[in-house]
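A.B. asks: Please find one structure pasted underneath; my questions will follow.
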Amino acid sequence: MENVIDLMRRKDLKYDAKKVNMENIEKQYRYAQMYFNGDGVEINDEEGIKWLNMAAKNGHGEAQCHLGACYYNGDKLERDYNKAVELFVMSKENENPLAYVCLGLAYLEGNGVEKKDRKKAYEYFKKAHKLGETIGTYRLANCYYIGIGVEKDLLKALDCYEQAIKNGYTDDIKIFLLCLKESVDKFESFKKEIKDGDGAEFRDFLELKKKIAVFSDFVELLK
């Protein structure tokens, strides 16, 4: 029978090898960012892409998504939607939440996929939101507001926009204001239609009223 100490040593060596490998991948991705951003070195996109490719090939989820975005947008690399989507899928399999957003956009726009599919786009944004990706929450809000792959729902849209703002997403105040205005208009029409205080419709009315009040305060802070 093999010595227990020898078995423990083998286990430690295996663990250490994995740890070193992960540390190396992280360094590769960090070097890519340094060259792209000029962080301590001169900006050099060619070197950045070299390190990004290395990290992506070694299974770094964020690097795969970043490289995919370069192909998708034609940024630093020749645009290639098919390669981009392949990388987004790899990144998703490596549990990177942002990859779900990127795949959602690919299906929404019909790039690198068989065909446009608004329902799939919605499902990917919803998954990103559930994984805590703020951009996914924002994109999910757009789905509810516009009715992309799901029934239009102003209450859910306001709720998701509010969560996105709480998590630091403040890039598109125009759509926040449009959703808020449409919600206020709906609330006013609700007031004319509802004559009693019973039923699900009245509960929706009260929920919308509360959500409008809270969301208005959030939007005011962004102005």
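Taken together, the values in this text are just the output of simple stated rules run on the coordinates, not laboratory data. Remember, predicted model here, so these are calculated numbers, not experimental data. Here Cβ is always computed from backbone atoms with ideal geometry, including for glycine, and neighbour counts include all displayed protein chains.
A.B. asks: Taking every Cα atom in segment 78-159, find the radius of gyration and the maximum pairwise distance Dmax, and write them in Å.
C.D. replies: 12.4, 41
A.B. asks: Using a simple spin-label model with points 7 Å from Cα along the Cα→Cβ vector, what separation in nm is obtained for Asp153 and Arg79?
C.D. replies: About 3.4 nm separates the two model spin labels.
A.B. asks: Once you've got the Cα coordinates, tell me which of Lys119/Lys174; Lys57/Lys166; Lys83/Lys211; Lys119/Lys186; Lys83/Lys126 are over 32 Å apart.
C.D. replies: Lys57/Lys166; Lys83/Lys211
A.B. asks: Using the Karplus curve 6.51 cos²θ - 1.76 cosθ + 1.60 with θ = phi - 60°, what ³J(HN,Hα) values do you get for each residue of segment 27-44, in whole Hz, with x for Gly and Pro?
C.D. replies: So the J values, rounded to whole Hz, are 5, 4, 5, 5, 4, 4, 5, 4, 5, 5, 9, x, 8, x, 9, 6, 4, 8.
A.B. asks: If you keep only loop residues by DSSP, which GluC sites (Glu not before Pro) in segment 107-142 have at most 15 other Cβ atoms within 10 Å of their Cβ?
C.D. replies: Numbers: sites: Glu109, Glu114, Glu123, Glu133; in loops: Glu114, Glu133.
Sites meeting the loop and neighbour criteria: Glu114.
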